[in-house]
Amino acid sequence: METLNKFLAKNAHRLWKDKYLNDCIFMVQRLSNFEDFESKPLDEFKASDIYAFMDHLSKQGLKDTTINRYLACFSVVFSMAVEQEIMTQAPKVRWKKARNSRPRFFSDTEVKDLTEFLADSDHPWMADFVTLGVNTGMRLGEIVGINNEDTKKTSGTLSDCGQFITLHNTKNGDERLVPLNIKAQQALANLDNCPSKFYSHRKFYNTWNEARDALARGDEHFVFHVLRHTCATRLAMEFNVDAITLGKILGHKSQATTAKYVHAQPSSLQNIMSKLEATREAS
């Protein structure tokens, strides 16, 4: 009998690489206060169970976007369970209709504080993960894949000059060429000297959660993926990288996805309108 808890423990590494593990941990914490979901056999889960849990979260005051993140965890877990023939089919549940919102991103101070905190932790290699995340926009699973000795040959190939890395196993299945600035190259070099056995989802999330509690008062949205948002926002707003180029760097198939990372500042809008006014006066 495969329970939710046992399944998560058995598939923790895969969930970590696919960036779902931290949300799954939060989900299990929520489930511990809701009926007996943790010990419930996976093949007994029904759509009505998930809807009841979603309603429970709504009554606790959680936003629809947060509830959808937990629902995404269930979706991934159920899909994996079907793949492993533990479930015959996954329950079909409609997502909450959440308002479009801009992704959270870290300020320069937050990145600095986070990097320093992790560099002084028991697992300083995590600081290099942060440097790679904020300087390349790579997902956590992509970074883990590059530096895991078992998958290094298939996950990423570093160019001879060391200025680009080609990711072979990405979320959308397409290869992606990622440019590396000096900071990213140095972080990658540091990780090359760190045996992959040091990487552990347990070590990572325990230390990350310590950083989150210390720097962000336990904010559930203080997650590694925000570094990807931060990189995208910096490229778009500080360096005026166009949406098409930004989408290629991040590996987006849809420009609508890329558009979420472009935060139009009032000063930028004012400059654009000033240029329009100057052009009309000149004509």
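Look through the stretch 199-230, keep the residues that are of a type outside the set (A, V, I, L, M) and within 17 Å of VAL178 (Cβ to Cβ), and return whichever of them is nearest to the chain's Cα centre (by Cα).
It comes out as HIS225.
Checking the conditions here, which among THR245, THR233, THR257 is without any contact (Cβ under 8 Å) to a residue 12 or more places away in the chain and within 16 Å of the chain's Cα centre (by Cα)?
Sole residue among the options that is without any contact (Cβ under 8 Å) to a residue 12 or more places away in the chain and within 16 Å of the chain's Cα centre (by Cα): THR257.
Scan the stretch 161-181 residue by residue and report those that are closer than 11 Å to THR136 by Cα and surrounded by fewer than 17 Cβ atoms within 10 Å (Cβ to Cβ).
Hits for the stretch 161-181 are PHE164, LEU177, PRO179, ASN181.
It is to be established whether one or more residues within the stretch 118-125 are among the hydroxyl-bearing types (Ser, Thr, Tyr), surrounded by 15 or more Cβ atoms within 10 Å (Cβ to Cβ) and either at pLDDT 95 or above or not in a helix (DSSP H, G or I) (or both).
yes
Going by the structure shown, is ASN148 modelled with pLDDT under 75, under 16 Å from the mean Cα position of the chain (by Cα) and surrounded by 15 or more Cβ atoms within 10 Å (Cβ to Cβ)?
Judged against the criteria, ASN148 is not a match.
The values are calculated or read from the model by the stated rules, or taken from the named source; none is laboratory data. Small disclaimer: the values here were computed from a predicted structure and weren't measured. Heads up, the Cβs are rebuilt from the backbone with ideal geometry, glycines too, and the neighbour counts pull from every protein chain shown.
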